[in-house]
Structure formats: C-alpha cells, structure tokens
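Asker: Handing you this structure, nothing more for now.
A short reminder: the numbers here are calculations on the coordinates, not readings from a lab. This structure is a prediction, so every number in the text was calculated from the model and none was measured. Cβ sites come from the backbone with ideal geometry, for glycine too, and all protein chains shown count toward neighbours.
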Amino acid sequence: MPITSPNNDTLKEVRKLAGRRWRDKTRTFVAEGEDLVRAAGAAGWRPEALLSEAGSGLGGEEVAAHLLKDVSQLGSGTRVLGIYPQRWAPAPAGPVCVALWGVNDPGNVGTVLRAALAFGAGSVALGPGTADPYGPKAVRASMGAIFAMPVARVERADELPGRRIALAARAGTPLQGPLDEPVTILVGAERAGLPADVVAACDTAAHIPIATESLNAAMAATVALYEATRGRVADRAPSARRPRTASPASAGPAASADPAATAAPAAAPPAAAPEPPAILSTPATAAPPAPGLPTVRVPPA
C-alpha cells in the first residue's frame with residue numbers, strides 16, 4: 001500500500017533534510033533521481049530509506065506521486081529518492097588532493113567532486129566556509145561522485161597531504177604538469193580567492209594562464225586537476241572509483257531493518273562509472289602570495 005499521507009514520518013524526514021542543520025545533526029542526506037540512487041548502489045552505499053513513485057517499479061516504499069513531488073528539491077520532481085548516511089574520511093589523502101577554501105557555492109563543490117573523480121584524485125578536502133557537499137545542489141552537481149570520492153574536513157593548510165600549491169590569480173608561475181610528487185591544489189572562493197594566511201602556509205603558488213580576468217572555482221579546480229594529472233589519469237582512476245567505506249566515527253545512524261528500505265532498487269540496471277566532467281564557466285580572484293613564497297617550477301613533460 002503506497003504512502004498517501006503527507007504526515008508520514010519518512011516524508012517528514014526528507015523535508016527536514018533539505019536544511020543543513022538537520023543534516024549535520026543526523027549525519028544523513030538525501031539523493032534524488034534514478035541515476036544518483038543507482039550510483040549509490042554501485043558504490044556500495046545502502047539507503048536508510050528508499051522512496052519511489054507508486055507504480056514506478058523502482059523499489060523501496062511506494063509513495064503517491066504528488067507527495068513525492070512535494071518533498072523533492074528538484075523543480076520537476078523525482079521518481080525515486082534515498083536517505084543515506086554521510087561518510088567523512090578521517091583525513092585527506094593523495095597522491096593528488098584538491099582542497100576548497102571558502103567555496104560556498106554548493107554547485108561548485110559538487111562539480112569539483114565530479115572533476116576530482118574523473119581525474120583520479122585521491123580525495124577532496126573542505127576548508128572553512130565551504131558549502132556542504134551533502135546538500136541537495138552539491139549532491140546533484142557531483143553526478144554521483146559524492147558516493148565514490150573520499151571527502152575530508154580540514155581547518156588548516158598544514159593538515160593537507162603532499163606539496164601544497166596555492167592556486168592564485170596571476171601569482172607564481174603557470175601551473176605545469178604532470179606533477180611527479182604528491183600534491184594538494186588549494187582553490188579559493190570565486191571573488192575573494194584564498195586567504196593570505198592560507199597562501200602563506202602553502203609551499204608554492206601557481207596560476208592558470210588565461211586571456212580573461214578569472215575562472216570560477218569549479219573551472220579552476222578542473223583545469224588544475226587536468227594539468228596536474230596530464231597523461232596519467234588512466235593509472236589513478238581505478239583506485240579512485242573504489243567504493244568508499246566509513247570509519248565507525250563517520251558512519252550515520254543504523255540502517256532500517258525494513259529490507260525494502262535498505263536495498264538498492266532491484267530493478268535498476270548496473271551503474272556505469274561517472275562520466276567525465278563538463279568544462280564549466282568562470283571567475284576567481286585570489287590574494288597575492290606572501291613575500292618570499294616560492295613558485296611552482298615543474299619541468300615540462
């Protein structure tokens with residue numbers, strides 16, 4: 001029997017998870033749409049609850065179509081959604097890591113996750129002031145990468161692995177790859193760029209040569225990841241796509257005992273690996289490097 005009441009407890013939970021405060025409290029989030037639910041299943045993530053439109057055959061607990069549309073964060077509604085536990089890596093990892101600082105646009109955060117997965121990065125680190133990667137817009141923009149790319153929180157640049165490269169407009173020398181050593185590429189907010197103290201804490205500064213004023217954070221990170229891993233993506237990609245596992249401290253609440261709510265849709269076909277990121281739009285200025293900060297000097301390939 002489909003859910004027909006808007007007062008259903010699971011529907012109430014989905015509504016509350018649209019807000020960050022409740023996501024932070026419960027350490028859960030919602031993924032909407034068949035592609036994201038399939039990506040979660042392919043990466044080994046089990047939903048705590050799975051809701052699908054009545055008659056869709058997508059598994060889980062069926063819901064009247066108008067009620068599912070009412071709780072959806074998509075303008076066109078959705079046919080299926082799942083509630084999943086958040087997973088946070090205990091620390092960022094390389095050999096290539098991208099760190100976001102003050103990037104408060106969730107679409108940019110999700111796009112960087114997608115690019116990091118496509119270019120075989122080891123993790124994405126989120127510094128202070130960065131948008132929630134488990135928010136609805138970030139999850140959608142990641143195109144399923146949120147289920148495969150390790151994500152860690154950091155407070156200081158010295159928590160980042162490898163050589164730290166501050167990506168700053170017109171600072172240092174042009175970023176030139178492929179990079180032969182473990183690195184973290186730091187990217188700041190679109191308007192403010194990286195804070196001066198963060199740039200000063202890095203080992204070096206670099207910029208992306210462009211003809212216009214700036215690139216947005218997601219585009220800058222994508223180009224930097226391409227350059228850093230140029231010609232070597234095939235070697236790193238398989239390890240980057242291993243299913244993520246959660247440490248006991250990062251796991252969300254226990255999964256529901258209802259088999260229909262804890263299994264990925266039975267009728268769903270196998271998921272394909274996430275497609276490469278599209279090249280998106282542009283603009284990010286950054287603070288100049290601190291005096292005496294060395295610049296990137298990587299010999300041509």
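Asker: Quick query: amide H of Glu62 versus all other amide H atoms, modeled in the peptide plane; which residues come in under 5 Å with a sequence gap of 5 or more or a different chain?
Answerer: Ile3, Ser52
Asker: Still on this structure: Work out from phi, with θ = phi - 60° and the Karplus expression 6.51 cos²θ - 1.76 cosθ + 1.60, the ³J(HN,Hα) of each residue of the stretch 73-83, listed in order in whole Hz, and give x for Gly and Pro.
Answerer: 8, 8, x, 8, x, 8, 9, 7, 8, x, 9
Asker: Follow-up question, since we're still on this one. I need the peptides 170-178, 95-103 ranked by packing, meaning the mean over residues of other C-beta atoms within 10 angstrom, with the highest value on top.
Answerer: Details: 170-178: 17.7, 95-103: 25.6.
Order by mean packing, descending: 95-103, 170-178.
Asker: Could you work out how far apart the two model spin labels at Arg153 and Glu213 are, taking each label as a point 7 Å from the Cα in the direction of the beta carbon, and quote it in nm?
Answerer: Label-label distance for Arg153 and Glu213, simple model: 3.4 nm.
Asker: Ranked highest first by average number of other Cβ atoms within 10 Å, how do 120-131, 9-20 line up?
Answerer: Values: 120-131: 22.0, 9-20: 16.2.
Final packing ranking: 120-131, 9-20.
Asker: Which value, in nm² and rounded to one decimal, describes the direction-averaged projected area of the C-alpha convex hull of the stretch 52-107? Let's see the in-between values first.
Answerer: On the way: hull surface 25.8 nm².
It is 6.4 nm².
Asker: Considering the zone a paramagnetic label at Arg230 would reach in this model (a point 7 Å from Cα along the Cα-to-Cβ line), which residues of the stretch 109-124 have amide N under 17 Å from it?
Answerer: 119-120
Asker: Could you sort the peptides 192-204, 70-82 by per-residue average Cβ neighbour count (10 Å cutoff), highest mean leading? Can you show the working numbers first?
Answerer: Numbers: 192-204: 20.5, 70-82: 18.3.
Highest to lowest by the protection proxy: 192-204, 70-82.
Asker: Along the Cα→Cβ direction, 7 angstrom out, place labels at Trp22 and Ala91. What is the inter-label distance in nm?
Answerer: So the label points at Trp22 and Ala91 sit 3.6 nm apart.
Asker: Starting from the alpha-carbon convex hull of the stretch 96-240, give the projected area averaged over all orientations, in nm². Numbers along the way, then the final one.
Answerer: Values: hull surface 30.7 nm².
Mean orientational projected area (the stretch 96-240, Cα hull): 7.7 nm².
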